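Worksheet for the structure shown next.
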Amino acid sequence: MATTLIKNGTVVTASDEYRGDVLCDGETIAQIGTKIDVKADTVIDASGRYVIPGGIDVHTHMELPFGGTVSSDDFQTGTIAAAHGGTTTIVDFAVQDRGQPARKAWETWMAKAEGKAAIDYGFHMILREFNDSLAREMKDLVQEGVSSFKLFMAYPGVFMMDDAQIFRAMQRSGEVGATICMHAENGGVIDVLVQQALAGGQTAPKYHALTRPARAEAEATHRAIAIAEIANVPVYIVHLSAAGALDMVTEARDRGVPAYAETCPQYLFLDYTNYEEAGFSGAKYVMSPPLREASMQDQLWRGLKGNDLQLVATDHCPFCMKEKQLGAGDFSKIPNGAPGVETRLALLFDGGVRQGRISLQRWVEICSTAPAKIFGLAGKKGTIAPGADADIVVWDPEHKQTLSARTLHMNCDYNPYEGRVVTGGAETVLSRGRVVVDKGTFTGKPGSGRFLRRAPRSI
Ligand code: URP
Ligand code: ZN
Ligand code: ZN
């Protein structure tokens, strides 16, 4: 077993910050100490650097068929990009087609990742419907380590379930120890607004945002939590973007209801005005929920600081501009999604830690530790501790980078943060003890990422 010694760094976890050395033996962390004097096969000098647990992004869509096309990163390009940014685990979404056994969908997504993923990966399962046979399968999938299911209150005719189906799926998740991840937007109301806008000749990208009001997200978030309360199960709201939706989560949590939520960097750093960029450029930001008024961002940061928002994931779902052009004359045909898996840690370090909005420990918590705990990976992932997987990032807090599609590694011909200068970046990245990124160069191997059997719900 090869050994790696990371020396002289500042170890940062969700709870601590101290000067220390970390010894990895094979795939796991063997020892942490103020000074470890052993001869290791590889020695990494981390002087002046933070040594943090690898990032965990629990919301990605590699090679997702969506909006008449397929998202442009596959499990190879997407996980290599993730590694460059300091993320060593992703949890992606398999999609069950109507009438299809969920196991088939899981096998399809396993085949997409097999031989390609350069970092470890798990899967949630998107259910488009609920019936007795899927109820049986939910139990089997939890046993296989697919222990969370995403349901949609939006995209009628594509993904949306009605409240009765949602309620039944939630009850079943309570029985089988699964977590329900909810896309909370009122799809019925949005659909009417979309049809009315198009009938009035309002076809530009900005109408994507104008037909998906923040109230439609707040309403659905309230409803999702209320249905989960009746079903007596926790619920996890994905990609929360709006202050009113956060109010619903906060109100529930204040009453002791187990409601959880993630937000994404795009809702913290971008806003509605991006849709008003010249020409068709606003299409770059077409995602659901849409970007909101900038005035909402302070509340999202407060939510992150105070733990009404538990974590930040990316909803990485890139489409190149050629694909976005599918909606050139009709905003509703623009594929929804944007790239993000590579830039999450740097954006949050620069805009969060360096701006004094969150502490260094909270940064580690929302990017790595909380995702591991909520999604059944704790013990192996999400911290630096003896026995845990040696997924470690040596983070240079002074590294300046200009974010650009030209230099980032995601397979997308634009970047939503193009030209933004951020300070802080991953210098060396280890995935289960192997160096996969060394000073900006990918040194890993596609296919070396492993499927992670996640534990049943722990929240
Ligand atoms: O616009 C988005 N969010 N695309 C990905 C699908 C989803 O709803 O997460
Ligand atoms: Zn969604
Ligand atoms: Zn998503």
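The values are calculated or read from the model by the stated rules, or taken from the named source; none is laboratory data. What you are looking at is a predicted structure, and each value in this text was computed from that prediction instead of being measured. Cβ atoms come from the backbone with ideal geometry, glycine included; neighbour counts cover every protein chain shown. For accessibility, only protein heavy atoms count, side chains too; no ligands or nucleic acids. Shrake-Rupley method; radii C 1.70, N 1.55, O 1.52, S 1.80 Å.
Some notes on this structure:
- Filtering segment 408-459 to residues that are among the hydroxyl-bearing types (Ser, Thr, Tyr), within 21 Å of the chain's Cα centre (by Cα) and not in a loop (DSSP other than H, G, I, E, B) leaves only SER431.
- GLN171 vs. criteria in a helix (DSSP H, G or I) and either among the aromatic types (Phe, Trp, Tyr) or away from ligand 1 (no atom under 16 Å from the Cβ) (or both): yes
- Residues within segment 159-186 that are within 14 Å of ligand 2 (Cβ to nearest atom) and open to solvent by 10 Å² or more (accessible area, probe 1.4 Å), tallied: 2
- Some residue of segment 167-185 being farther than 24 Å from SER241 by Cα and touching a Gly at 6+ places or on another chain (Cβ under 8 Å): no
- Contact map, segment 234-254: residues that are open to solvent by 10 Å² or more (accessible area, probe 1.4 Å) paired with residues that are aromatic (Phe, Trp, Tyr) and away from ligand 1 (no atom under 16 Å from the Cβ), Cβ distance under 8 Å, separation 6+ or inter-chain. Pairs shown: PRO234/TYR260.
- For segment 387-399, a residue qualifies if it is surrounded by fewer than 16 Cβ atoms within 10 Å (Cβ to Cβ) and not in a strand (DSSP E or B), and exactly one does: GLY387.
- Meets criteria (within 16 Å of ligand 3 (Cβ to nearest atom) and at pLDDT 95 or above) for VAL249: no
- When segment 64-94 is limited to residues that are assigned to a strand (DSSP E or B) and open to solvent by 10 Å² or more (accessible area, probe 1.4 Å), the one that is nearest to ligand 2 (Cβ to nearest atom) turns out to be PHE66.
- Residues that are aliphatic (A, V, I, L, M) and open to solvent by 10 Å² or more (accessible area, probe 1.4 Å), drawn from segment 116-136: ALA135
- Once segment 145-158 is narrowed to residues that are buried (at least 21 other Cβ atoms within 10 Å of the Cβ) and outside any strand (DSSP E or B), the residue that is nearest to ligand 1 (Cβ to nearest atom) is ALA154.
- Any hit, segment 95-115, residues being within 16 Å of ligand 2 (Cβ to nearest atom), surrounded by fewer than 24 Cβ atoms within 10 Å (Cβ to Cβ) and not polar (S, T, N, Q): yes
- Cross-chain or 6+ apart pairs with Cβ under 9 Å, segment 202-219 first and of a type in the set (S, T, N, Q), then buried (at least 22 other Cβ atoms within 10 Å of the Cβ): GLN202/THR211; GLN202/PHE331; THR203/GLY327; THR203/PHE331; THR211/ILE190; THR211/PRO290; THR211/PHE331
- In segment 301-319, the residues that are free of Cβ contacts under 8 Å to residues at least 24 places away in the same chain and more than 16 Å from ASP57 (Cβ to Cβ) form Cβ pairs under 9 Å with partners that are among the acidic types (Asp, Glu) and surrounded by 22 or more Cβ atoms within 10 Å (Cβ to Cβ), at six or more places apart or across chains, as follows: ARG302/ASP308; ASN307/GLU365.
- Only listed residue being open to solvent by 40 Å² or more (accessible area, probe 1.4 Å), of a type outside the set (S, T, N, Q) and more than 23 Å from PHE375 (Cα to Cα), chosen from ALA216, ALA199, ALA209: ALA199
- When each of PHE280, PHE269 is tested for being under 17 Å from the mean Cα position of the chain (by Cα), open to solvent by 20 Å² or more (accessible area, probe 1.4 Å) and modelled with pLDDT of 95 or more, the lone residue that passes is PHE269.
- Yes/no for THR402 being β-branched (Val, Ile, Thr), buried (at least 19 other Cβ atoms within 10 Å of the Cβ) and over 21 Å from the mean Cα position of the chain (by Cα): no
- Candidates GLU185, GLU137, filtered to the one that is touching a helix residue (DSSP H, G or I) at 6+ places or on another chain (Cβ under 7 Å), assigned to a loop (DSSP other than H, G, I, E, B) and among the acidic types (Asp, Glu): GLU185
- Residue satisfying condition, being more than 16 Å from ligand 1 (Cβ to nearest atom) and small (Gly, Ala, Ser), within set ALA214, ALA209, ALA218: ALA218
- Residue satisfying condition, being on the phi > 0 side of the Ramachandran plot, surrounded by fewer than 24 Cβ atoms within 10 Å (Cβ to Cβ) and not hydrophobic (A, V, I, L, M, F, W, C), within set GLY33, GLY26: GLY26
- Filter result for ARG223 (in contact (Cβ under 8 Å) with a residue 60 or more places away in the chain, away from ligand 3 (no atom under 16 Å from the Cβ) and either part of a loop (DSSP other than H, G, I, E, B) or in contact with a Phe, Trp or Tyr (Cβ under 7 Å, 6 or more places away or on another chain) (or both)): no
- Where a residue in segment 442-459 is within 19 Å of PHE93 (Cβ to Cβ) and its partner, wherever it lies, is open to solvent by 50 Å² or more (accessible area, probe 1.4 Å) and part of a strand (DSSP E or B), with Cβ under 8 Å and at least six apart: ALA455/ALA378
- In segment 335-379, the residues that are of a type in the set (Asp, Glu) and within 29 Å of VAL146 (Cα to Cα): GLU342, GLU365
- Scanning segment 295-308 for residues that are open to solvent by 50 Å² or more (accessible area, probe 1.4 Å) and over 17 Å from ALA252 (Cα atoms) returns SER295, ASP298, LYS305.
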